[in-house]
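Everything on this sheet refers to the single structure shown next.
The values are calculated or read from the model by the stated rules, or taken from the named source; none is laboratory data. Here the structure is a predicted model, which means the values were calculated and not measured. In this analysis, Cβ positions are derived from the backbone assuming ideal geometry, glycine residues included, and neighbour counts consider all displayed protein chains. Surface areas here come from the heavy atoms of the whole protein model, side chains and all, with no ligands, DNA or RNA. Shrake-Rupley method; radii C 1.70, N 1.55, O 1.52, S 1.80 Å.
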Amino acid sequence: MKSLQRGAWVILVLALLTSTGILSAQDDTQINVVGSGIVTPVLQSLITASGVSITPNVNITGTNSGFEKFCQGEADVTTAARTITAAEDTQCTQNNVKYTELLVGHDIIAFIGNLAATNTPCLTTANLNSIFPPSAQGQVTNWQQVSPENPSVPLSVYVPQNSSPTYAVLDNLIPGDGIRADANSPADEAAIIADVSADPGSIGVVSLNAASAANTQVNILQLNTNDAAGCTTPLTENVESHAYTAADDFFVYVNKASLDKTGLKDALTFASSDQAAGVIDGLGFSAPSSTAYTKNQSSLSGTGDTRPFSAATTSYQIPPDVAGPVEVAGATSGHEYLNNLATAFQASYQQVKVNVKTEGQPAGIRRLCNGEIDIAVVDSDLTSEQSQNCDANNIKILSIPLGEQAVVLVANAASTQLACLTSDQLKKTWTATSAKTVTNWNQVDSTFPDQAMTLFAPNAGDGNIDLMMIKVAQTDLPARDDTQLNDDALYRAAATANVEGGLTFMSWADYQKVLANNQERIQLVGVNGGNGCVTPSAETIGDGTYPITQSAKLVVNTKSLTKVPVQSFLWYLAEDDTYGQLENAGFIGVDFGDFPALRETLQKSYLDAQIAQAEATPEAPAEATPESTPSS
């Protein structure tokens, strides 16, 4: 089992605890601690550093058994290398054990490479599964076997001793039992760093703490285990946002009823504050972020969520047999994204039918406020009249931002007149009435050179055409039909680069792909919508100052949040694995790290909707949200 390599560490801890007299007989005033053999000594070090004079009775049970004893009311505190599950939370609730959740540290591993190496600086899941599993022994011995883009260099693998917590994190990340037997296992992290720094074909695994201290000797590699998050640097903030997954988190759960025991709350106040960061770093682990410490303090004081780290990930799961309709209508913004999302959702849950209709925002809001649909798509706030209509029908709404979409224009770099274009110039360039009549740039503006105009556009029906025409012409005028058409943004950018006077447009997301493709001889066009020229960027799109920008959000009828198909579709939207669809649709402004908070908002809203329905119709209980288990 993956947990066996922790055995030596746990035995050492038990010996230490026994020798220092921490294991003692229980009594009514004794503070009883159970749980993880990794996290418990960390907690003990924090208690010692706090200066609070308490000596807890410690029983190393492992995380799973620790939660079992804790939720049965047999312990005041349990330590864990993961968050509590929905089933464990239910057990605590059934036994009236109310608790507070604290994040006290991380065991983050870093993959390191030689400074002279030219291998990929970002390791994918496939790369890891080529390099480290037992099946790689004697088989994967060259970097080109890991990825064809790598140079032909012999591969050397350096991992920690299998009794270390760092090895345990690596083992949990890699399929199979253990790590390849032909990997080198130097005596300590310093030796791994020295070996990697001397071997151009090497890859090593150490704690982030050790890697950061040696960052002038080795390269710290990025990791991509989720395409939604992409290549991610090992940082505390990235671990807490679930973007960097090569880590174990250290949690402490305390029974609220036990906080009155002498010294316990004071010790935990220190352990869960930034004053404890130095202790965690001194143990070779990584301290939580300042944001996490703030959540700890609010949780412990009772002024904030008592489950700030697990509530969004453990309480809801989409039922495999979910069935029924989900009705969506409204503005065109987000239409393609929602259609793609609905298609993917229905492929997994075939008894659900998500009907997405583009009727325009006024029609969508009217139908929502009349109780005819579950979700409306909007690109602006509701008017006072629309809000009054919803209020009159007792319709309350939940807003879910999707972010902003933008169309950007890309021109030939030599065409200096195209560095910034006004809305009027863009309208004259692209509207249907200009087809075959406006063919030179001096026809768009008399100050422009007598230069042939060559336009490249996506095929009819592309959502970027509608967005651009609405924003530059203030109406959905048709675009000209005499352009050169191709749906591939990379092709259009390359074609634009090859001809002076060339111009095309695309989504912000597609432009990022053009940049990644290292396309030369192009320029990003600024747009003057009446308030000066604004060049598109993540900042100017996000704050709406770039003119060809459109925001989108979902407005949900909260009464529909009692419907399991609606719950399930929104939960699917908020899962980490589907963030990439939002990004691919060109939305920016909603980050991968925002999704846990969105899930927390959703499940609270589900509960509130059920309570409201039960209060409104006491004889007809609300449709229950299915009991769930945490997703893998």
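So in the range 231-240, with the set limited to residues that are in a loop (DSSP other than H, G, I, E, B) and of a type in the set (A, V, I, L, M, F, W, C), which one is nearest to the chain's Cα centre (by Cα)?
Of the range 231-240, the ones in a loop (DSSP other than H, G, I, E, B) are 231, 233-235.
From what is left, the residues that are of a type in the set (A, V, I, L, M, F, W, C) are 231, 235.
On the way: CYS231: 12, LEU235: 14 Å.
Result: CYS231.
Considering every residue within the range 79-92, establish whether at least one is at pLDDT 95 or above and either touching a Pro at 6+ places or on another chain (Cβ under 7 Å) or crowded, with 18+ Cβ neighbours inside 10 Å (or both). Break it down stepwise before answering.
So in the range 79-92, the residues at pLDDT 95 or above come out as 79-80.
Now drop any that are not either touching a Pro at 6+ places or on another chain (Cβ under 7 Å) or crowded, with 18+ Cβ neighbours inside 10 Å (or both), which leaves 79-80.
The answer is yes; a qualifying residue exists.
If you check GLU385 against the conditions, is it more than 24 Å from VAL472 (Cα to Cα) and either crowded, with 19+ Cβ neighbours inside 10 Å or at pLDDT 95 or above (or both)? Write out each step before concluding.
On the way: more than 24 Å from VAL472 (Cα to Cα): yes; either crowded, with 19+ Cβ neighbours inside 10 Å or at pLDDT 95 or above (or both): no.
For GLU385, the condition - more than 24 Å from VAL472 (Cα to Cα) and either crowded, with 19+ Cβ neighbours inside 10 Å or at pLDDT 95 or above (or both) - is not met.
Assess whether THR40 counts as being β-branched (Val, Ile, Thr), out of contact with any helix residue (DSSP H, G or I) (no Cβ under 6 Å at 6 or more places or on another chain), surrounded by fewer than 23 Cβ atoms within 10 Å (Cβ to Cβ) and modelled with pLDDT of 95 or more.
Details: β-branched (Val, Ile, Thr): yes; out of contact with any helix residue (DSSP H, G or I) (no Cβ under 6 Å at 6 or more places or on another chain): yes; surrounded by fewer than 23 Cβ atoms within 10 Å (Cβ to Cβ): no; modelled with pLDDT of 95 or more: yes.
For THR40, the condition - β-branched (Val, Ile, Thr), out of contact with any helix residue (DSSP H, G or I) (no Cβ under 6 Å at 6 or more places or on another chain), surrounded by fewer than 23 Cβ atoms within 10 Å (Cβ to Cβ) and modelled with pLDDT of 95 or more - is not met.
Of the residues LEU208, LEU268, which single one is touching a residue at least 24 places away in the same chain (Cβ under 8 Å) and touching a helix residue (DSSP H, G or I) at 6+ places or on another chain (Cβ under 8 Å)?
Details: LEU208 fails: touching a helix residue (DSSP H, G or I) at 6+ places or on another chain (Cβ under 8 Å).
The conditions single out LEU268.
Which residues, counting only those in the range 447-492, are over 35 Å from the mean Cα position of the chain (by Cα), within 14 Å of ALA435 (Cα to Cα) and buried (at least 16 other Cβ atoms within 10 Å of the Cβ)?
Those that are over 35 Å from the mean Cα position of the chain (by Cα), within 14 Å of ALA435 (Cα to Cα) and buried (at least 16 other Cβ atoms within 10 Å of the Cβ): MET453, THR454, LEU455, LEU477, ALA479, ARG480, THR483.
Which condition number in (1) surrounded by fewer than 21 Cβ atoms within 10 Å (Cβ to Cβ); (2) closer than 30 Å to ALA75 by Cβ; (3) polar (S, T, N, Q) is the one that ASN255 fails?
(1)
Can you tell me which of (1) more than 29 Å from ALA493 (Cα to Cα); (2) open to solvent by less than 50 Å² (accessible area, probe 1.4 Å); (3) modelled with pLDDT of 95 or more is the one ILE397 doesn't meet?
The failed condition is (2).
From the list ALA329, ALA277, ALA243, pick out the single residue that is outside any helix (DSSP H, G or I), open to solvent by less than 60 Å² (accessible area, probe 1.4 Å) and free of Cβ contacts under 8 Å to residues at least 60 places away in the same chain. Even if it seems obvious, please write down each step before you answer.
Details: ALA277 fails: outside any helix (DSSP H, G or I); ALA243 fails: free of Cβ contacts under 8 Å to residues at least 60 places away in the same chain.
Of ALA329, ALA277, ALA243, the one residue that is outside any helix (DSSP H, G or I), open to solvent by less than 60 Å² (accessible area, probe 1.4 Å) and free of Cβ contacts under 8 Å to residues at least 60 places away in the same chain is ALA329.
Which residues, counting only those in the range 206-223, are crowded, with 20+ Cβ neighbours inside 10 Å and either under 17 Å from ALA126 (Cβ atoms) or among the aromatic types (Phe, Trp, Tyr) (or both)?
LEU221, LEU223
Could you check how many residues of the range 383-431 are under 32 Å from the mean Cα position of the chain (by Cα) and not in a strand (DSSP E or B)?
Within the range 383-431, residues that are under 32 Å from the mean Cα position of the chain (by Cα) and not in a strand (DSSP E or B) number 2.
Determine which single condition GLU74 fails, assuming it passes every other condition in (1) open to solvent by less than 30 Å² (accessible area, probe 1.4 Å); (2) outside any helix (DSSP H, G or I); (3) modelled with pLDDT of 95 or more.
Against the list (1) open to solvent by less than 30 Å² (accessible area, probe 1.4 Å); (2) outside any helix (DSSP H, G or I); (3) modelled with pLDDT of 95 or more, GLU74 comes up short only on (1).
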